[in-house]
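The values are calculated or read from the model by the stated rules, or taken from the named source; none is laboratory data. Treat the numbers as computed from the prediction; the structure is a model and nothing was measured. Virtual Cβ from ideal backbone geometry, glycine too; neighbours counted across all protein chains shown.
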Amino acid sequence: MFNYRRVTDVYTGFETGAYTLVETPTNRYGSSTAPWAAHQSQIEAVKILDDGIAPKSVSVWFSNMTKLKSVDVARLDTSKCTQMADTFFMATQLQSLDLSSWDVSGTYNFNCMFQECHSLKNLDIRGWSAHPDKAGLFGMFFDCLSLQALDLSGFDLASTVNANKMFGHCQSLSKVSLGLNWKWVICDDGEGANSYLPTPSASTIPGADGKWYSVSSGRGYTPQDIPNNTADTYVASRGMLSR
């Protein structure tokens, strides 16, 4: 028991490993090689208990945890971490996640980090100073159907050439902050995909008319016309400007 709750297991020394998703005949999305993979479908809560845990990779750590509802990773030292691919892939019941304490300044791979986090409404990554590599943003938020807001003002895309599907199917996204080092990466992978924000739809966002509105100027932009290298916040309907 921990805090009056049943503990499935306690793991130590895991930060020295680098784990991946390995496709199997019964799992086309891949099975994690992490030491807790055997329990991943039963895990409901994760908490980092000790200071000083400084992994070089957190890729697939919490992937396929389809019952995960609570995550406390504030004590994790990510300053040496270079890989965050698939970290929360298919954590389908997770609704809120605070990663604002994470140092991602040395991380270059964020591919599919939150992909298919269908229930994730609130994601706090404020303060992230991110410098992804050439293909390091592919599908980062893909299929985050419930995600409402993102602060990406610390993202530097100077070296990024492929951010395809980054916001694919983010149908509830209604507020995004971008910084001076943000640029739109155009790279067609053969499926007609790109890195643009989704087109706001009135079916999921009240008052949406297909444009994103600049909070600073009030001007409306189609996703393709939002300017590069401009620090601003954009909302998905004109009515949200007054909120």
Just one listed residue, out of CYS187, CYS170, is more than 25 Å from TRP102 (Cβ to Cβ) and either in a loop (DSSP other than H, G, I, E, B) or in contact with a Phe, Trp or Tyr (Cβ under 7 Å, 6 or more places away or on another chain) (or both), and it is CYS187
Does region 138-145 contain at least one residue that is not hydroxyl-bearing (Ser, Thr, Tyr) and not in a loop (DSSP other than H, G, I, E, B)?
-> no
Exactly one condition in (1) under 19 Å from LEU145 (Cβ atoms); (2) without any contact (Cβ under 8 Å) to a residue 60 or more places away in the chain; (3) under 21 Å from the mean Cα position of the chain (by Cα); (4) assigned to a loop (DSSP other than H, G, I, E, B) is not met by ALA202; state its number.
-> (3)
Considering each residue of region 231-243, count those that are assigned to a loop (DSSP other than H, G, I, E, B) and exposed (fewer than 14 other Cβ atoms within 10 Å of the Cβ), and give that number.
-> 2
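Let me confirm something: among SER195, SER177, which residue is within 19 Å of the chain's Cα centre (by Cα), surrounded by fewer than 21 Cβ atoms within 10 Å (Cβ to Cβ) and of a type in the set (S, T, N, Q)?
Of SER195, SER177, the one residue that is within 19 Å of the chain's Cα centre (by Cα), surrounded by fewer than 21 Cβ atoms within 10 Å (Cβ to Cβ) and of a type in the set (S, T, N, Q) is SER177.
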Conditions (1) modelled with pLDDT under 90; (2) farther than 25 Å from GLY136 by Cα; (3) touching a strand residue (DSSP E or B) at 6+ places or on another chain (Cβ under 9 Å): number failed by VAL46 | (1)
Is it fair to say ARG5 is farther than 18 Å from ALA91 by Cβ and modelled with pLDDT of 55 or more?
-> no
Given (1) over 16 Å from the mean Cα position of the chain (by Cα); (2) closer than 19 Å to ASP124 by Cβ, index of the condition ALA149 fails = (1)
What do you reckon, is VAL71 touching a Lys or Arg at 6+ places or on another chain (Cβ under 9 Å), free of Cβ contacts under 8 Å to residues at least 40 places away in the same chain and not in a loop (DSSP other than H, G, I, E, B)?
-> yes
Can you find even one residue in region 122-130 that is under 22 Å from ILE43 (Cβ atoms), assigned to a loop (DSSP other than H, G, I, E, B) and of a type in the set (Lys, Arg)?
-> no
Would you mind finding the one in TYR19, TYR29 that is modelled with pLDDT under 85, on the phi < 0 side of the Ramachandran plot, surrounded by fewer than 18 Cβ atoms within 10 Å (Cβ to Cβ) and within 22 Å of the chain's Cα centre (by Cα)?
-> TYR29
Hits in region 89-145 (condition: more than 21 Å from LYS175 (Cβ to Cβ) and among the charged types (D, E, K, R)) = ASP103, GLU116, ASP133, LYS134
Would you please name the residue that is nearest to the chain's Cα centre (by Cα), looking only at residues in region 101-121 that are in a loop (DSSP other than H, G, I, E, B), surrounded by 20 or more Cβ atoms within 10 Å (Cβ to Cβ) and polar (S, T, N, Q)?
-> GLN115
Tell me which residues, restricted to region 78-99, are in a loop (DSSP other than H, G, I, E, B) and more than 21 Å from ASP133 (Cα to Cα).
-> MET90, ALA91, THR92, GLN93, LEU94, GLN95
